[in-house]
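Colleague: I am attaching a structure below and will ask some questions about it afterwards.
The values are calculated or read from the model by the stated rules, or taken from the named source; none is laboratory data. Since this is a predicted model, take the numbers as computed values, not measurements. Note that each Cβ is placed from the backbone with ideal geometry, even for glycine, and that neighbours are counted across all protein chains shown.
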Amino acid sequence: MGKARDAFLSGVVLLLGRRRTPPQPDAHLLPPAPKHTRAETVAIALLFIAALCAAAFPVVYFVGSIPAKTQYLGLSIGLALLFLAAALIVAAQSVIPTEELAHAYPPDEHEEDEEYVARLVEESGKGFTRRGLFKLGLVSAGGALGVAALVPAVSFGPLGVEEFYGTPWRKGRRLVDENDVPLRADDIDEKALYTAFPEGADKEEQGSAVVVVRLPRSSLKLSGQVEGYDADGIVAYSKLCTHAGCAISLYRAPLFAPEEPRPALVCPCHYSTFDPADGGSVTFGPAGRRLPMLPLAIDGKGELRARGNFDGPVGPSWWGVRERRPSP
Amino acid sequence: MIRKVVCYVDTRTGTAPFLRKALRYLFPDHWSFLLGEIALYAFIVLVATGVYLTFFFVDSRQDVVYHGPYAPLQGQHMSEAYRSVLDISMTVKAGLLIRQTHHWAANVFLAAVILHLFRVFFTGAYRKPRELTWLIGVTMLMLALLEAYIGYSMVDDLMSGMGLVIGYAVGLSIPFVGANLMGWLFHGPFPGGAVLIPRLYIAHVLIFPVLIAVLLTLHLVLVALRHHSQFRGRRQTERTVIGIPLYPGQTPRSLGLMLSVAGVLFLLGGLVQINPIWLWGPFHTYISTNGAQPDWYLGWLIGGLRLMPGFDVTIGHYTLIPGPFWGGALFPLVVFGFLYFWPYVERKLTGDVAFHNLLDRPRDNPRRTGIGVGMVTWVFLVFVAGSSDRVQVLFGLSYTGQIWFYRVAVLVLPVVAGLVAAWVCRQLVRGEQIEEDRRRAETEGRLELASRFDQA
């Protein structure tokens, strides 16, 4: 016990006692440090404050009754780091000698050594008599090995694009909502946007989701390939924007009249705007082609069914995509 | 004690001569030289916090139902990945602090990298013999942008998914190989296969960080081998570098800066909310939300996508180059192409093949400054255009009107800004010359007066 106390006391004395400067050799490496005893005191105080802040971290972490842990933990560790930083900077400014020195930049080049290396490499190849052929061999071996090393990466995924055209829509498939309840034509109101999926299909698949809206029949301008794609004024389009593939979740029913008199489907990512009355044609924004349309029918029970597949590929375009594609 | 350690190290490694040189390596002093250092320290915080997060993140798209403490999401279907990040934010003690600090560090990292790039560009620090340092730096910026994007994509919240599908569409638009490439990377068309999130994960925590760390090391080694560049001064010349030695002068200062950066990041992580993913909800391909914005460093790309009028290159019923290519792929390609080739373009224009250890002030080179300001204006305008939907909500300015304004402005204003910047540079230099002449004339006049006085 007495020994421990002695050790403790001598430790305290060593820590607190001002160190007597040991005898120094005459030539100093560094210029004399600026003599700011106050600064040293400040730096030491900052270090202890940093220690206190850091010590708060486990307290906040373990004491269950402390609320808002994220904030207090952040304060504790953040302030501890900042006080430590402050201590170091105070020491750097006022306790540790700061010199401004001049050095020569390294030489721009080492001509002798450059010459040596070049000659070394040149001379090492003197023994070859058919140098061209050897180089060809090297290139062949390296190239073939490189190709062989890359081939396993082909397993990452399919390289073909046929899958990109696929959608789960088929003739006669019922439209269901997110909870798999079939959509009834009578429940589709004007000025509202409905999202529907093919019954039994994977809802996450790109070709699954469609937007369904009801428009006055007189306002429809469906012609050409999409003629008659509506069912009693109800139209359905792929929900994925043909620009960058985001879901089209905004429906501007004519609330903006007279400035924007027509209903419009809008993608919130880059504001491509499509006209649901006109076969999903683009009226504003960066989309390059119209929305693929799904032909609809109303069955005997008043439920909505697909009369086939979309009239074009869903989602964003790619090199060589066929804009119009007959339904399978 | 110190002698013993030094002796041990030297006898085991023989590095005392190297240490002696390295400890006296000089750091020229200027505030703008600290920007790169800040980036380095933010990267260290990113690695440290990132390692912690890997112990909790689950890289799986497996569908699960949420039963955690956050009531609004209870009973919802989501991926295991998203649930694991909810758990990091809600149930792991100190998890939210580390996650938010990580996200803040990513923001500060990129901001520091970009400001550092501006500093290097506008002072001509990339000139011979430091071109390789510049090329590596530009490459790191590109990797860092991708790394950050992948980082918030793999969380699989609604914002992640919306960002990811846009990236997918941009990839898809690449001529000839886009669809094959994306199908290959995602394992089929979006949303891809079960392997997608594990792939994003390994890219985010291994491939990209290792690439960045290797390039970072190379970047610093190259800086040290050629020594820092410096501004011209009374003692600073092309042959002589003036600075504070690594030890003892620079070490506590740099450590202080590192701890300050880390301290500020942890304060931000603890006190300032960032990317509250529990508010976004899980991603489904058929869901999106209005008013979504990417993290700021990708704002220039969403701006590019929004500004570009719908323009697909088509032949008959076949699309060749889809619209997202222009704003999402070609635009950043042009910007990065400019950054990569600029040192060589400038050399061609000026015929300057000399060694440069002294930096230019921006005004010293009106052409470079003008072109740089033009480029920055161009990218910045596109960046601002990316937030025009929020401007409409906040200030009621018509979205379509704003887009048309920006479509014209991005063609006109960069040229104007570049010319104005170059003119300002020339005026500043001229002003300095006038000042100089005046001082010389005054001195001469005073001398002459004095000599006349003497004669009289």
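Colleague: B:Trp31 fails exactly one of the following numbered conditions: (1) in contact (Cβ under 8 Å) with a residue 24 or more places away in the chain; (2) closer than 18 Å to B:Pro245 by Cα. What is the number of that condition?
Modeller: (1)
Colleague: Quickly run through segment A:44-80 and pick out the residues that are of a type in the set (Phe, Trp, Tyr) and either touching a residue at least 60 places away in the same chain (Cβ under 8 Å) or within 29 Å of B:Ser89 (Cα to Cα) (or both).
Modeller: A:Phe57, A:Tyr61, A:Phe62, A:Tyr72
Colleague: What's the number of the only condition in (1) β-branched (Val, Ile, Thr); (2) in contact (Cβ under 8 Å) with a residue 12 or more places away in the chain; (3) surrounded by fewer than 20 Cβ atoms within 10 Å (Cβ to Cβ); (4) within 12 Å of chain A (Cβ to nearest Cβ) that B:Val335 fails to meet?
Modeller: Going through (1) β-branched (Val, Ile, Thr); (2) in contact (Cβ under 8 Å) with a residue 12 or more places away in the chain; (3) surrounded by fewer than 20 Cβ atoms within 10 Å (Cβ to Cβ); (4) within 12 Å of chain A (Cβ to nearest Cβ) one by one, B:Val335 breaks only (4).
Colleague: Hey, can you tell me all the residues within segment A:93-149 that are in a loop (DSSP other than H, G, I, E, B) and hydrophobic (A, V, I, L, M, F, W, C)?
Modeller: A:Val95, A:Ile96, A:Phe128
Colleague: Here's a check for you: in segment B:1-44, which residue that is crowded, with 17+ Cβ neighbours inside 10 Å and more than 14 Å from chain A (Cβ to nearest Cβ) is nearest to B:Leu115 (Cα to Cα)?
Modeller: Of everything passing the filter in segment B:1-44, B:Leu35 is nearest to B:Leu115 (Cα to Cα).
Colleague: What's the number of the only condition in (1) farther than 26 Å from A:Ser317 by Cα; (2) at pLDDT below 95; (3) touching an Asp or Glu at 6+ places or on another chain (Cβ under 9 Å) that A:Leu183 fails to meet?
Modeller: (2)
Colleague: Give me the pairs: first residue in segment A:29-43 and under 19 Å from A:Glu100 (Cα atoms), second residue of a type in the set (Val, Ile, Thr) and part of a loop (DSSP other than H, G, I, E, B), beta-carbon distance under 7 Å, and six or more apart or on different chains, which are they?
Modeller: A:Ala33/A:Val95; A:Ala33/A:Ile96
Colleague: Taking helices (runs of 4 or more DSSP H) that fall entirely within segment B:243-348, which contain at least 1 residues that are assigned by TED's automatic domain parsing to the domain that holds B:Phe121 and over 26 Å from the mean Cα position of the chain (by Cα)?
Modeller: Answer list for segment B:243-348: B:251-271, B:277-280.
Colleague: Of the numbered conditions (1) within 12 Å of chain A (Cβ to nearest Cβ); (2) surrounded by fewer than 17 Cβ atoms within 10 Å (Cβ to Cβ); (3) out of contact with any helix residue (DSSP H, G or I) (no Cβ under 7 Å at 6 or more places or on another chain), B:Val165 satisfies every one except a single condition; which is it?
Modeller: For B:Val165, the exception is condition (2).
Colleague: Specify which of the listed residues (B:Gly188, B:Gly151) is within 17 Å of the chain's Cα centre (by Cα) and either buried (at least 20 other Cβ atoms within 10 Å of the Cβ) or within 14 Å of chain A (Cβ to nearest Cβ) (or both).
Modeller: Answer to the selection: B:Gly151.
Colleague: Whether any residue in segment B:203-220 is assigned to a helix (DSSP H, G or I), within 9 Å of chain A (Cβ to nearest Cβ) and surrounded by 15 or more Cβ atoms within 10 Å (Cβ to Cβ) is what I want to check.
Modeller: For segment B:203-220, residues assigned to a helix (DSSP H, G or I), within 9 Å of chain A (Cβ to nearest Cβ) and surrounded by 15 or more Cβ atoms within 10 Å (Cβ to Cβ): absent.
Listed here are the residues, each with its yes/no results for (1) small (Gly, Ala, Ser); (2) on the phi > 0 side of the Ramachandran plot.
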| residue | (1), (2) |
| --- | --- |
| B:Val214 | no, no |
| B:Tyr247 | no, no |
| B:Gln250 | no, no |
| B:Ser254 | yes, no |
| B:Met258 | no, no |
| B:Val264 | no, no |
| B:Leu268 | no, no |
| B:Ile277 | no, no |
| B:Gly291 | yes, yes |
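Colleague: Follow-up question, since we're still on this one. Given the residues B:Gly291, B:Gly299, which is the only one that is under 30 Å from A:Gly74 (Cα atoms) and at the interface with chain A (Cβ under 9 Å from one of its Cβ atoms)?
Modeller: Result of the check over B:Gly291, B:Gly299: B:Gly291.
Colleague: Can you give me the number of residues within segment B:1-58 that are of a type in the set (Asp, Glu) and in a helix (DSSP H, G or I)?
Modeller: Matching residues across segment B:1-58 total 2.
Colleague: Another one. Would you point out the residue of segment A:181-198, among those that are surrounded by 17 or more Cβ atoms within 10 Å (Cβ to Cβ) and farther than 17 Å from A:Pro292 by Cα, that is nearest to the other protein chains (Cβ to nearest Cβ)?
Modeller: If we take residues in segment A:181-198 being surrounded by 17 or more Cβ atoms within 10 Å (Cβ to Cβ) and farther than 17 Å from A:Pro292 by Cα, then A:Leu183 is nearest to the other protein chains (Cβ to nearest Cβ).
Colleague: Go through (1) outside any loop (DSSP other than H, G, I, E, B); (2) touching a residue at least 40 places away in the same chain (Cβ under 8 Å); (3) more than 7 Å from chain A (Cβ to nearest Cβ) for B:Leu225 and report which single condition fails.
Modeller: In the conditions (1) outside any loop (DSSP other than H, G, I, E, B); (2) touching a residue at least 40 places away in the same chain (Cβ under 8 Å); (3) more than 7 Å from chain A (Cβ to nearest Cβ), B:Leu225 misses (2) alone.
Colleague: Quick one: count up the residues across segment A:146-180 that are within 12 Å of chain B (Cβ to nearest Cβ) and more than 20 Å from A:Gly312 (Cα to Cα).
Modeller: Total meeting the criteria: 10.
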